[in-house]
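All of the numbers you see were taken from the coordinates with simple rules; none came from a lab. Everything numeric here is computed off the predicted structure, so don't read it as measured data. All Cβ positions, even for glycine, are placed from backbone atoms using ideal geometry, and neighbour counts span all protein chains on display.
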Amino acid sequence: MIAAAALDFSDVAERLRRITVEITTDGTGIGCGVLWPRGCVVTNAHVIRRERAAVRLFDGARLAARVLARDDGADLALLGILDADGPVARLAQTPARVGSLVVAVGHPLGGAVTAGIVHAVGPVVPRGRTWIQADLQLAPGNSGGPLADVAGDVVGLNAMIAGGLALAVPVARVAAFVRAAGVATT
């Protein structure tokens, strides 16, 4: 039997909430992003409707952001922000595995946290892209937020719900996208 303390994600949730930002574009469209090293935010391309956006940090500070790179096919976008001090995402060194516990955060809902288990990792038809599929609850506005392991290391970027499962872009794909944009991932 697992001890109750082993299931307490409060410290992990707090750390993840600090690296999760709220994103709005022209006062419309709300989603999440993850603070990335080098003054960047990663999010889903479908969250960003314009070339500029507003980012609200955990402490309530609002920053202007501009799109540095976008890949609609992978549903990824990279934003540049200035004057953002504080924590950034710790990236998982090993990919998510079926049966692993994961935690997701959605800033637009007050930093809402949910947990579940990785259901599958692989292509989802019809798009054929590799996704982390988890049995956790995402709400509208959670797109672009972090999916993390129980240590708080980011394993993916939440994107959508399909067939009752949360789908997240694996962190290796996100890191490759960021590197291709010319930004270091660590």
> When the chain is fully extended, how far beyond the present Cα-Cα distance does Glu51 get from Leu82, taking 0.36 nm per residue of separation?
Replying inline: 9.6 nm
> For the range 12-88, taking Cα atoms only, what is the radius of gyration to one decimal and the Dmax to the nearest whole Å?
Replying inline: 11.4, 32
>> What distance in nm separates the two pseudo spin-label positions at Ser10 and Ile117, each 7 Å out from Cα along the beta-carbon direction?
In response: 2.6
>> Through the Karplus equation 6.51 cos²θ - 1.76 cosθ + 1.60, θ set to phi - 60°, convert the phi angles of the range 36-41 into ³J(HN,Hα) values in whole Hz; use x for Gly and Pro.
In response: 10, x, 6, x, 10, 10
>> Just checking my list (i) 0.94; (ii) 0.97; (iii) 1.09 against Rg/Rh (Cα atoms, Kirkwood Rh) computed from this structure; which label fits?
In response: (i)
>> Once R0 is set to 45 Å, what does the formula 1/(1 + (r/R0)^6) return for the Cβ-Cβ distance between Thr94 and Arg66, expressed as a FRET efficiency to the nearest 0.05?
In response: 0.85
>> I'd like the orientation of helix 171-180 relative to the chain: the angle between its Cα long axis and the longest Cα principal axis, in ° from 0 to 90, rounded to 10.
In response: 20
>> Test of understanding: what is the full-extension gain from Ala139 to Ala180, defined as 0.36 nm times their sequence separation minus their Cα-Cα distance?
In response: 11.8 nm
>> If you fit an axis through the alpha-carbon atoms of helix 10-19 and take the longest principal axis of the Cα set of the chain, what angle between them do you get, 0 to 90°, nearest 10?
In response: 20
